[in-house]
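In what follows, a single structure is set out as structure tokens and then discussed.
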Amino acid sequence: VSLPLIVSDHTLTAAYGANTSIGRPPLNISDPQHIQRLSKDVLKSYVDSMLIGERVVVAAAGVDHDELVALAEQHFGHLPRSATASSSAPAIGQPTA
């Protein structure tokens, strides 16, 4: 079992609860062997690989577009655009095509 899969299972359970179909992991995450393998470095590596601009979606209704773009830039602008950051990737608030 890979550590990213274990981290993903823990994340979904924390976000949605163990009593939901998406939050109920296929692995037995309560297994002490799995939990012992998790470390701060493993969690940081997982978050860093998943929390990139191309994976973030900001959606809103009833909000001024320019204000939303400014808030998205403020809170998410520091994220790399992709795992292989490309200068051709659209900036926040710019249509993709």
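Would you check if Val42 is modelled with pLDDT of 70 or more and open to solvent by 70 Å² or more (accessible area, probe 1.4 Å)?
Taking the combined requirement at face value, the residue does not satisfy it.
Does any residue in region 3-24 that is charged (D, E, K, R) come within less than 6 Å, Cβ to Cβ, of a residue that is open to solvent by less than 80 Å² (accessible area, probe 1.4 Å) six or more places away or on a different chain, and which pairs are these?
Matching pairs, first to second residue: Asp9/Pro25; Asp9/Leu27; Asp9/Ile29; Arg24/Ala18.
The values are calculated or read from the model by the stated rules, or taken from the named source; none is laboratory data. Every value quoted in this text rests on a predicted model; they were computed, and no experiment measured them. Quick reminder, even Gly has a Cβ in these numbers, built from the backbone with ideal geometry, and neighbours come from all protein chains shown. We work out accessible area using only protein heavy atoms, side chains counted, and drop any ligands, DNA or RNA first. Shrake-Rupley method; radii C 1.70, N 1.55, O 1.52, S 1.80 Å.
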